[in-house]
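See structure below.
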Amino acid sequence: MSENQHLKRQQRIQALLGKAGLQAVALNPGPDLTYFSGLEFHLMERPVLLILPGDGPSVLILPELESAKVDDLPYPIRPFFFNEDPGTWVGIFQAALQEAGLSSGKLGLIPRRLRVLELNYLQSAAPDLEFESAQDLISQMRMIKDGSELAKMGEAVRIAECALTGILSSLKPGQTEKEVAARLVGRLLAQGSDPALPFFPIVSFGENSANPHASPGERVLKEGDLVLIDWGAAYQRYCSDITRVFALGDLHPELDKIALFVAEANTAGREAAKPGVPASAVDRAVRQVISEAGYGDYFTHRTGHGLGGEAHEEPYISEFDQTILKPGMTFTIEPGIYLPGRGGVRIEDDVLITEDGCRSLTELSRELGQLLPDDSMI
Ligand code: CO
Ligand code: CO
């Protein structure tokens, strides 16, 4: 990414603040703070806060021990350092808010990330300040990915696909879900994933695959099992999130059948995803295929979610999300059919809205893969 990219993003949100009725936006550690500053902080007991004011350079409240992070930044910033004495922190917040011109008016926050910890300091430092969600404002920007973001996501997909392909032939009867998940995690890191994976892989065998959010356990792989793997990599903090299903030997015929319907629904979703249609239209197209197949009651979640700096972000591909799809948006399409006690199939792709349709970033075959008890795989 060009070094000025972060400055451009700061200037862009500054230009949008007035229309949103906000004096400034305050962000604590996480993907939003990193998006605007390129800086990374852990969410810990010390309250780091980046304030993007309507004009002038950004203000950053941070511990002295992290001061090296703001040396040589490629854009101007006004840092306010605090020491290890929490008794002095309200004073630091006061000085920082004053510098940002924030004594009253509305400060935009991200409700699902900002903690009561930061909120208390803000309220104590500026009792007349009002708070409002800046979620929509920021997601409008973050939903549209630029070329450098797309390149990172493409790499996250490539790493994830290579990692899975690398372990498939080693899946053998008798291994537990946890063992397979551990091998997959090792492979993801060896292929170049960031150590902070977007999420721990789901590896579920047989009846466990009927739980869409199963976590790997002690269940042992057996002949006749369906194997569901939902995994992803992160590359320079951008995520992939993929699901594929496999069979060890012959499956119950109904499981073979639902695998075909889910693949068909996935195709319908990718065909429905294009600029100008609402996110809900993609969900409807997917759900229609599964309902017509008679399994509508067994598709128990939305069709997908935005993907990028977070594994789940806007837009949400659900009947309730009317976001109009635009070129540069990236999200998952992940229909599933789950038969309790028997097994479930989900096929999840990561897609990009283009000028005239949608392109899948994921390229692995969507067919039910056959695992063999010996060392080969068809
Ligand atoms: Co997934
Ligand atoms: Co997903």
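So, with a 1.4 angstrom probe, what is the percent of accessible area on the chain that is carbon and sulfur?
It is 52 percent, rounded to a whole number.
Which of these, A214, A273, A181, has the largest mean-square fluctuation under a Gaussian network model of the chain (Cα springs below 10 Å)?
Comparing A214, A273, A181 in a Gaussian network model of the chain, the most mobile one is A214.
Return the FRET efficiency for the residue pair A190, A151: r is the Cβ-Cβ distance, R0 is 22 Å, and the value is rounded to the nearest 0.05.
Between A190 and A151 the formula returns 0.55.
Please identify the helices of the chain, taking whole runs of DSSP H, that span at least 30 Å along their own axis as judged from the Cα atoms and have a mean Kyte-Doolittle score of -0.5 or higher.
In the chain, the long hydrophobic H runs are 147-168.
Where the Cα atoms of the chain are projected onto their three principal axes, how long is each span, largest first, in whole Å?
For the chain, the Cα extents along the three principal axes come out at 69, 42, 35 Å.
At 7 Å along Cα-to-Cβ for each site, give me the label-to-label distance between E218 and L260 in nm.
Those two pseudo-labels are separated by 3.9 nm.
Name the trypsin sites (Lys or Arg not before Pro) in the stretch 196-269 that are in a loop by DSSP and that have at most 15 other C-beta atoms within 10 Å, would you?
Loop-located and lightly packed - K222.
Choose one answer from A125, A279, A163: the residue with the largest mean-square fluctuation in a GNM of the chain with alpha-carbon springs under 10 Å.
A125
What does the extension gain come out to for D356 and I77, with contour length at 0.36 nm per residue minus their alpha carbon separation?
96.4 nm
Just to make sure I understand: if all protein chains stay in place, what is the order of R46, R12 by accessible area at 1.4 Å, largest first?
Descending accessible area places them as R12, R46.
Would you mind getting the accessible area per residue of the stretch 147-371, heavy atoms of the protein chains only, 1.4 Å probe, in Å²?
On a per-residue basis, the stretch 147-371 sits at 38 Å².
Using a 1.4 angstrom probe with every protein chain in place, what is the largest-first accessible-area order of I324, I159?
I324, I159
Provide the FRET efficiency to the nearest 0.05 for the L372-N211 pair, computing r from the beta carbons and using R0 = 22 Å.
For L372 and N211, the calculated efficiency is 0.25.
Just how far, in whole angstrom, is the stretch 153-180 from the stretch 37-102 if you go by their alpha carbon centroids?
41 Å
Give the lysines reachable from K106 as a straight Cα distance under 26 Å; neighbours fewer than 8 places away on the same chain don't count.
K8, K19
Report the label-to-label distance for F131 and E292 in nanometres (one decimal), using points 7 Å from each Cα along the Cα→Cβ vector.
Taking the simple label geometry, F131 and E292 are separated by 4.9 nm.
How about the stretch 295-378: which chymotrypsin sites (Phe, Trp or Tyr not before Pro) there lie in a loop by DSSP and see at most 14 other Cβ atoms within 10 Å?
Filter output for the stretch 295-378: F320.
Rounded if a/c is under 1.5, else prolate if a/b is larger than b/c, else oblate: which is the stretch 147-371, with a ≥ b ≥ c the root eigenvalues of its Cα gyration tensor?
Oblate is the answer for the stretch 147-371, as a/c is 1.5 or above yet b/c matches or exceeds a/b.
For the stretch 194-312, what does the alpha-carbon gyration tensor say about shape, rounded, prolate or oblate, given a ≥ b ≥ c as the root eigenvalues, a/c under 1.5 as rounded, and a/b over b/c as prolate?
Oblate, because a/c is 1.5 or more while a/b does not exceed b/c.
Considering only protein heavy atoms, what is the solvent-accessible area of S133 at a probe of 1.4 Å, reported in Å² to the nearest 10?
60 Å²
List the pairs from K145/K222; K145/K257; K178/K274; K152/K326 whose alpha-carbon separation is above 31 Å, in the order I gave them.
Over 31 Å Cα-Cα: K145/K222; K145/K257; K178/K274.
For a Förster distance of 51 Å, can you work out the FRET efficiency between the beta-carbons of E64 and E319, rounded to the nearest 0.05?
Given R0 = 51 Å and the Cβ-Cβ separation, E is 0.55.
Counting other Cβ atoms within 10 Å, keep those with at most 11, restrict to DSSP loop, and tell me which GluC sites (Glu not before Pro) in the stretch 1-82 are left.
Answer by residue number: E3, E45.
With just the Cα atoms defining each centre, how far is the stretch 328-378 from the stretch 219-271? Give it in Å.
For the stretch 328-378 versus the stretch 219-271, the Cα centre distance is 6 Å.
Just want to confirm a number: the relative contact order over the chain, from Cα pairs under 8 angstrom separated by 6+ residues, in percent.
Value for the chain: 14 percent.
The values are calculated or read from the model by the stated rules, or taken from the named source; none is laboratory data. Source: prediction; values computed, not measured. Counting neighbours? That spans all protein chains shown, and the Cβs are built from the backbone with ideal geometry, glycine included. Ligands, DNA and RNA are stripped out before the accessible areas are found, and what is left, the full protein with its side chains, is counted by its heavy atoms. Shrake-Rupley method; radii C 1.70, N 1.55, O 1.52, S 1.80 Å.
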